[in-house]
Amino acid sequence: MSCTIAIESPLQDEVRALVRGLNETTLKLTPAEHTHHMSVEQMAQADTTLFVAREDGSAVAMGALRRHGDGVAEVKRMYTLPSHQGRGLGRAILQRIEALAREEGFVRLVLETGSNFDAALHVYKSAGFAACGPVLDYPPSAWTAFYAKKLAGVST
């Protein structure tokens, strides 16, 4: 079985189900006061583009690019259903997010994730992201990890 990845609207039931799964997973690992969830309505704003991976027509993974000022874009809402983890879908979506950020001229891609989200940390590090200090307006905490990647080859 092969998966397809495409830009889609977050305002659909299958994406809402992925978001619920992500939020439930996050809240098992991180106290609620240290989470920074985006709702599907926030994800539907013009500053955000959502990529959805589908297998046999069903949504199985997602990730978003959120645009900020000063040449900075952010990776948001990365999630793969447990049944599909370990197959490279997160990496493939991250590559699509990075490609779009480069295409749009962003010079830095940043993210905030849980400091104990081992699988996510592995994906980000293996994709060339480096640990950094707090990004955007996220407060530092023992539950939070920050990563950034300079997007080479972008004219500024």
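Read-outs: derived from the displayed coordinates by stated rules, not from any lab. Computed from a predicted structure; not experimentally measured. In this analysis, Cβ positions are derived from the backbone assuming ideal geometry, glycine residues included, and neighbour counts consider all displayed protein chains.
Summary table below
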quantity	calculated
Contact order normalised by residue count of the chain, Cα under 8 Å, 6+ apart, percent	20
Theoretical gain in end-to-end length, Ala99 to Ala152 [0.36 nm per residue, Cα-Cα removed]	17.9 nm
Per-selection metrics, segment 11-60 (Cα): Rg and Dmax in Å	12.1, 37
Most mobile of Leu94, Leu27, Leu18 in a GNM of the chain (Cα contacts under 10 Å)	Leu27
Zero-based 10 Å bins, Cα pair distances in segment 3-150, whole percents	11, 45, 39, 5, 0
Computed [θ] at 222 nm, helices only, for the chain once each DSSP H run of length n ≥ 4 contributes -39500 (n - 2.57)	-9000 deg cm²/dmol
Potential lengthening between Ser39 and Leu27 on full extension [0.36 nm per residue; Cα-Cα distance subtracted]	2.9 nm
Distance-filtered residues of segment 33-47 - backbone nitrogen under 18 Å, label point 7 angstrom along Asp13 Cα→Cβ	40-41
